[in-house]
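Reviewing the structure listed below.
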Amino acid sequence: MDKNKQQTISSGLYLVSTPIGNMEDMTFRALNVLKKSNIILCEDTRRSGKLLSYFQIKSKLMSYHKFNEKKICSTIIETIKKDKVVSLISDAGTPTISDPGLILVNKCIDENLSVHPIPGPSAVTSAVSVSGFSDQYLFYGFLTKKESELDRTLNNLSNLNYSIVFFIPASKINFYLSKFKKYFFDRKILIAKEMTKIYEEFIRDKITLIKNFPDNLKGELTIVISGKIKDNNVRKKIHESVKIEIKKMLKRYSHKDVVKFIAEKENLPKKMIYDFCLELKK
C-alpha cells in the first residue's frame with residue numbers, strides 16, 4: 001500500500017472491524033487506524049492483545065465492556081476532546097453489533113465529536129451472503145433465555161417474511177432449535193460454525209429436519225432463517241362452501257382469527273381470505 005495515499009487520521013472515535021476468525025481478513029485501513037490510535041478500547045485486553053501483537057501494533061489498550069462502559073464514557077469523551085484518536089474494537093467483527101459501544105457512540109454524537117466506521121469482517125453479512133436466502137434480511141442478534149419472552153419474540157418475528165439472523169451460544173443451540181421448529185416450521189435454516197477458520201462448516205436444511213447437536217458444542221453460532229417458503233400446492237381459489245363458512249365465522253370471531261383459521265385449514269393464502277372478508281364488510 002502506498003503510504004502517501006493513507007487516510008489522514010484526525011481526532012475522533014473510530015469503530016474498527018476486526019477478523020471473525022481469520023487474521024488475513026484484517027484490512028490495511030484498519031491496521032493504519034489502530035497503529036495511529038492513542039487508545040484502543042476493547043472487550044478483552046488479553047484477546048485483543050494477541051491481535052495487536054500479531055500485527056505489531058503498540059497502541060495503548062483499555063478495557064471497555066458492558067460492565068464499565070457507562071462509568072468510563074466521560075473519560076473517553078474528554079480524551080477525544082484533547083485531539084486524541086480513540087478506536088473501539090470488539091472481540092471479533094464489527095463493534096456495536098450485539099457488542100458494547102452504543103452508549104459511547106451516542107455520547108460522541110451528543111458532544112458533536114466525529115465518529116468514523118472502519119468497515120471489515122461481519123458474521124452477519126458473511127452468513128447471509130452464503131445462505132442462498134433472500135438478501136432482504138432482519139438482524140436480531142442474541143435472543144433472550146427467558147422462555148415466555150422468547151415465545152413472544154419468535155411469534156412476532158414469524159409473521160415477517162424476511163431472512164432473519166441470530167447469534168446463538170453453541171451450548172444452547174438445541175434449546176433454540178426446538179423453538180425455531182415451533183415458530184419457523186415452514187422455513188429453511190443455515191447454521192454457520194467457525195466461519196473463516198480451518199474447521200468452517202455450514203449446515204443447511206429445512207428447520208423441521210435439523211437434528212440436535214452434541215451438548216458439548218462450544219463458541220457462538222450464526223443462524224440464518226429463510227423467508228417463508230412458497231407452497232406451490234396452495235390453492236388459488238376460495239370454494240363456495242368455504243365462503244359460507246367464513247360468513248358464519250365472521251359473526252362470532254374477528255377478521256384476524258378467521259383469516260388464520262381458514263388459511264391453515266384450507267391451505268389458502270391469508271391475503272386472499274382477508275380480501276374476501278373486506279368484500280363482505282362492504
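On the basis of being surrounded by fewer than 16 Cβ atoms within 10 Å (Cβ to Cβ) and more than 26 Å from Thr144 (Cβ to Cβ), does Lys70 make the cut?
The answer is no for Lys70.
Could you check, for segment 15-23, whether at least one of its residues is at positive phi, touching a residue at least 60 places away in the same chain (Cβ under 8 Å), crowded, with 16+ Cβ neighbours inside 10 Å and not in a loop (DSSP other than H, G, I, E, B)?
no
If you check Leu154 against the conditions, is it in a helix (DSSP H, G or I) and either touching a residue at least 12 places away in the same chain (Cβ under 8 Å) or within 18 Å of Lys206 (Cα to Cα) (or both)?
Yes; evaluated as a whole, the condition is true for this residue.
Residue under question is Ser48, and the condition is that it be touching a residue at least 40 places away in the same chain (Cβ under 8 Å) and in a loop (DSSP other than H, G, I, E, B); does it hold?
Here the answer is no, as Ser48 does not meet what is asked.
Please specify each residue of segment 84-117 satisfying the condition of being buried (at least 22 other Cβ atoms within 10 Å of the Cβ) and either farther than 19 Å from Lys60 by Cα or among the aromatic types (Phe, Trp, Tyr) (or both).
Matches in segment 84-117: Gly93, Thr94.
Would you pick out the residues in segment 124-141 that are among the small types (Gly, Ala, Ser) and over 20 Å from Ser17 (Cβ atoms)?
Listed by number, the residues that qualify are Ser131, Gly132, Ser134.
Let's see how each residue does on (1) of a type in the set (D, E, K, R); (2) at negative phi; (3) surrounded by 12 or more Cβ atoms within 10 Å (Cβ to Cβ):
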| position | (1), (2), (3) |
| --- | --- |
| Gln136 | no, yes, no |
| Phe139 | no, yes, yes |
| Lys145 | yes, yes, no |
| Leu150 | no, yes, yes |
| Tyr176 | no, yes, yes |
| Asp186 | yes, yes, yes |
| Lys193 | yes, yes, yes |
| Thr208 | no, yes, yes |
| Glu220 | yes, yes, yes |
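Within segment 163-174, restricting attention to residues that are over 9 Å from Ile225 (Cβ atoms) and within 15 Å of the chain's Cα centre (by Cα), which residue is surrounded by the fewest Cβ atoms within 10 Å (Cβ to Cβ)?
Ranking the qualifying residues of segment 163-174, first place goes to Pro169.
Could we say that Met249 is within 32 Å of the chain's Cα centre (by Cα), of a type in the set (A, V, I, L, M) and crowded, with 16+ Cβ neighbours inside 10 Å here?
no
If I filter segment 179-193 for residues that are under 26 Å from Tyr162 (Cα atoms), among the basic types (Lys, Arg) and assigned to a loop (DSSP other than H, G, I, E, B), do I get at least one hit?
Yes, there is a match, as at least one residue in segment 179-193 is under 26 Å from Tyr162 (Cα atoms), among the basic types (Lys, Arg) and assigned to a loop (DSSP other than H, G, I, E, B).
When you check Ser126 against the structure, is it buried (at least 18 other Cβ atoms within 10 Å of the Cβ), in contact with a strand residue (DSSP E or B) (Cβ under 8 Å, 6 or more places away or on another chain) and assigned to a helix (DSSP H, G or I), yes or no?
Yes.
Return yes or no: is Phe67 out of contact with any helix residue (DSSP H, G or I) (no Cβ under 7 Å at 6 or more places or on another chain) and aromatic (Phe, Trp, Tyr)?
When the stated conditions are applied, Phe67 passes them.
Can you confirm whether Thr196 is under 30 Å from Ala263 (Cα atoms), touching a residue at least 24 places away in the same chain (Cβ under 8 Å) and of a type in the set (Val, Ile, Thr)?
In short, no.
Looking at Ile97, Ile103, can you tell me which residue is of a type in the set (A, V, I, L, M) and either in a strand (DSSP E or B) or touching a Cys at 6+ places or on another chain (Cβ under 9 Å) (or both)?
None of the others qualify; the one that does is Ile103.
Inspect segment 242-261 for any residue being in contact (Cβ under 8 Å) with a residue 24 or more places away in the chain, assigned to a loop (DSSP other than H, G, I, E, B) and of a type in the set (A, V, I, L, M) and give the result as yes or no.
Checked against the condition, which is being in contact (Cβ under 8 Å) with a residue 24 or more places away in the chain, assigned to a loop (DSSP other than H, G, I, E, B) and of a type in the set (A, V, I, L, M), segment 242-261 yields no hits at all.
When you scan segment 46-56, how many residues do you find that are closer than 28 Å to Thr8 by Cβ and either modelled with pLDDT under 95 or buried (at least 18 other Cβ atoms within 10 Å of the Cβ) (or both)?
3
The values are calculated or read from the model by the stated rules, or taken from the named source; none is laboratory data. This is a predicted model, so every value here is computed, not measured. Cβ sites come from the backbone with ideal geometry, for glycine too, and all protein chains shown count toward neighbours.
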